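Worksheet: one structure, shown below.
Nothing in this text is a laboratory measurement; each read-out follows from the coordinates by a stated rule. Keep in mind the model is a prediction, meaning the values are calculated, not measured. Neighbour counts run over all protein chains shown; Cβ positions are idealised from the backbone, glycine included.
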4 protein chains.
Amino acid sequence: MSEQLSQLQRLCTETWDAFKAKSEFFKLVQDGLCDRRLYALLLIQTYHYTRHNAINQAMVCQNPKINDFNYMKYCLDHAQEEVGHEMMAFHDLKHAGFAVESPSVLPKPSLETDIFVAYVYYISQTGNPVQRLGYSFWAEDAYDHIMPTLQIAAQNMKLKKSAMTFFIDHAAIDQKHSEDVHKQILRVCKTQDDWDAVKTAMLGTLTLTHRLLEGIARDYSLLVQGKLPHHEFLGSETSFAEVVS
Amino acid sequence: MSEQLSQLQRLCTETWDAFKAKSEFFKLVQDGLCDRRLYALLLIQTYHYTRHNAINQAMVCQNPKINDFNYMKYCLDHAQEEVGHEMMAFHDLKHAGFAVESPSVLPKPSLETDIFVAYVYYISQTGNPVQRLGYSFWAEDAYDHIMPTLQIAAQNMKLKKSAMTFFIDHAAIDQKHSEDVHKQILRVCKTQDDWDAVKTAMLGTLTLTHRLLEGIARDYSLLVQGKLPHHEFLGSETSFAEVVS
Amino acid sequence: MSEQLSQLQRLCTETWDAFKAKSEFFKLVQDGLCDRRLYALLLIQTYHYTRHNAINQAMVCQNPKINDFNYMKYCLDHAQEEVGHEMMAFHDLKHAGFAVESPSVLPKPSLETDIFVAYVYYISQTGNPVQRLGYSFWAEDAYDHIMPTLQIAAQNMKLKKSAMTFFIDHAAIDQKHSEDVHKQILRVCKTQDDWDAVKTAMLGTLTLTHRLLEGIARDYSLLVQGKLPHHEFLGSETSFAEVVS
Amino acid sequence: MSEQLSQLQRLCTETWDAFKAKSEFFKLVQDGLCDRRLYALLLIQTYHYTRHNAINQAMVCQNPKINDFNYMKYCLDHAQEEVGHEMMAFHDLKHAGFAVESPSVLPKPSLETDIFVAYVYYISQTGNPVQRLGYSFWAEDAYDHIMPTLQIAAQNMKLKKSAMTFFIDHAAIDQKHSEDVHKQILRVCKTQDDWDAVKTAMLGTLTLTHRLLEGIARDYSLLVQGKLPHHEFLGSETSFAEVVS
């Protein structure tokens, strides 16, 4: 692995560690929360950002500066694999015991999700075409960072595997993706400007993802206080405990 | 095959026959033209429109009305296969004996090519998302309609196979594509409005392709009269004959 | 006026004259057609292309190659003036005696209108940012070319002024617009490439407009034969004659 | 003023107050910083986000959900007025004593500026078309909130009026804009969903602006430590003091 890629890897790990250390979202889970509604809030936002990933990944090919056929093929291939993954998050929401007919009745994305999605579109459509690899770089590896916490959640919230397909399957799929991303990064990054663009996009998307998770922690707190509009279908913790026991 | 698909097929064949009957481009070849510069003009415009195909095919996934994951995957898959095909046209231009360093020095697209490209972007980005299949429908079958004429050209213009990769390889590749397109059309066309959208897009792209060919015939006539700017690199017929003999 | 602008003007006039000489649409009117349904077909397509003009005019500012603040302001100003003009065409349709509740019930644009609209979007979004002035150049002057024919139509079809607001008002408004366009063209065209881009866009939009008119003549012929779907609200010539007499 | 507008106003003021209370950027100025390089960093980012404002304001008219001609005209008018304002920020940078030939040599936008710009494009192109008024709502009033701090900066950094045209002129221009924005909001907001969309966009853009300012404070700290790449042209505090005295 190149020195630049190792640096990127180290920066990614440091950034995750720094975020996790101060994260309200991670703290809620690690403190032993049993309320499955936090998981529901995570799945709702996961649904909302995931459904843009195939689209903005393909958009990289519209960047007038792109001129690398191999990279274009990679983008379209990767886009193709991402199609419909949001439905796994929606599936998990139902299998976790929440009564939702169809994605169209879900609450809107949070402000934090909108900001994240906006930024991914922006780095996909403009600037250095290689930069979107900075998002893929950490996204495909993310499961190493979140799996321990997810397992705690699964245990405390009594989540069955059938309610965790999005995170479990992505952890498996993304082993291969991760190698592809590393190979592409090493192939397309030819100048310091390319590496800087990838690094900035990695930091940008990682930062906004952590804000997205903090937004979920805030929304959970509002939900508990009965102050989160449009989420009545999540029920109360008690009523839910009855359903799943 | 459904009745609707058969109708589409018949309309396509009738439209080709009608166009070929009055086409100056086809007439030039069938009358025995030996001047390879007509083929060069065809390859230049083929280069120009082909390089948009992967991009606009993928754009169909951005249509807010699309909601069929299988069709989205088809579009991205098909887009992925189209990446870089313009280079085959450029390769053939060089192998046909014309001195061009890189695609960046080619003359601009003709007005007819611009109009064709504009329309394909428009039907890819707006309206009924299934309509772009109307372009694929005839494009993948086109070689049946043009191969006899291309063979006449090849013979008279003494074109080697190595200078015909775009058209020969597409004829082969597109056997499979053609089946895929038919399957998709039968799958996604659920209403009369869907079939109408596919039909209109088929007629639109086919009409504009024929105008594109007629534009090439007009440009050839200008070239012969020494009145086609930016095409000096094509040389004169005589000088060229010496080069290839 | 610069020599280049005079050349553009001459080319425009010649192109109009050539089109009018072979136009089925103009012939129908000049031969004394009394059937107001031809005018209705014209207004329907006018509605459809006009409603894109403000949008694509403003889009010129998104062209990454634009770097002329004065020209950007011109585009936005001109876009602002075009907003809602399609409603004049719709208003005229109703005042000509046709029962249409709202624009949403109008038949779809013709294929020719779609091709025209696609091309205007294309030249607005890509290529040399000055080229869209080639559309404005002739569009603002068009009334000189079509007014005599419109007056014949008005007389034979017994159209009141209140049913001709789109064409009458545009003839008046566009006097000033025309001067603005000439001024902008002289200001922004600095290289031969700029003048060529304006000329090509002028020819492209003018050609597609004439095809749009020919499409209307074809549709009228289908209508008379009772073969034009989705236009039942136009009634028959006879029933209409009763309404307006 | 409607109750909803008053609520928006109160929320805006509260948000500003909360941000200012914890802002490193505001603290730097209020603590009496004399180093004009902080102002330079502000102007560089101001240049970068301002140059998108006319473009994304006009883009609102491309939202397929827009159907209010008055609002479309407002967007284009307002876009037209914003054209080129980034040059005032660039002008001020030069008049504050920094040697920059042209905007093309400025350092790239910060990550925070990119995130802000991405979000403004997103809310301009998608979702409820009225929501971009949430950005205009506070942006036009912002000078009330920042003027006291700017005046402290002006005094301590010895900034002449000729180096403050962006902020001074905007304060004046925006009196009228502010009234226009209020009028538009009252006119276009018809449902609670409209008011919510405006409110969310106000909070989103305001939050990201404060992060943009905090990014400038962080960059200033890096600059002082000699660790901010691509900003050598800002010189050192001392060398600069010599230049301006």
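Structure summary
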read-out	value
Sorted by Cβ density within 10 Å, fewest first, the residues D:170, C:177, D:230	D:230, C:177, D:170
Global geometry of the range B:4-102, whether rounded, prolate or oblate, following the gyration tensor of its Cα atoms and the 1.5 cut on a/c	oblate
Which of A:225, A:42, A:98, positive extreme of dipole for chain A (C-beta unit charges)	A:225
Cα gyration tensor, the range A:3-244 - rounded (a/c under 1.5), prolate or oblate	prolate
Whole-Hz couplings from phi, Karplus 6.51/-1.76/1.60, listed for the range C:18-27; x for Gly and Pro	4, 5, 4, 4, 10, 7, 5, 4, 5, 4
Average beta carbon contacts from partner chains per residue of A:115-124, 10 Å cutoff	6
Cβ-Cβ FRET estimate between residue D:6 and residue C:91, R0 fixed at 51 Å, reported to 0.05	0.85
13 Å beta-carbon shell around residue C:5, net charge (K/R +1, D/E -1)	0
Counted charge near residue A:156, where neighbours are those whose Cβ lies closer than 13 Å (Asp, Glu -1; Lys, Arg +1)	0
Copy-to-copy label separations for residue D:187, where each label sits 7 Å from Cα toward Cβ, in nm and ascending	2.6, 4.8, 5.3
Spin-label pair residue D:155/residue C:99, simplified geometry with 7 Å Cα→Cβ offset, distance in nm	7.6 nm
Cα lying deepest toward the dipole's positive end in the range C:3-244, options C:69, C:21, C:79, charges on Cβ	C:21
Partners for residue B:65 among lysines (Cα-Cα distance below 24 Å; same-chain residues under 8 apart left out)	A:108, B:73, B:183, B:190, B:199, C:108, D:65
Of A:114, A:219, A:144, the one that fluctuates the most in a GNM where chain A has Cα springs shorter than 10 Å	A:144
GNM top mover of B:175, B:30, B:225 - chain B, alpha-carbon springs below 10 Å	B:225
Computed over the range A:14-102: relative contact order in percent, which uses C-alpha pairs under 8 Å that are six or more apart	34 percent
Label-reachable residues, the range B:188-218, where backbone N falls under 20 Å from a point 7 Å from residue B:24's Cα toward its Cβ	B:206-218
Two-site FRET efficiency, residue B:236 against residue C:67, from Cβ-Cβ distance with R₀ of 35 Å, rounded to 0.05	0.30
Value of [θ]222 nm, deg cm²/dmol, for chain D, DSSP H segments ≥ 4, -39500 (n - 2.57) each, nearest 500	-23000 deg cm²/dmol
Cβ-placed point charges (K, R +1; D, E -1), dipole of the range D:3-244 about Cα centre in debye, nearest 20	140 debye
The range D:96-160 versus the range D:17-64: alpha-carbon centroid distance in Å	3 Å
Taking D:23, C:221, C:136 and counting other C-beta atoms within 10 Å, the order from fewest to most	C:221, D:23, C:136
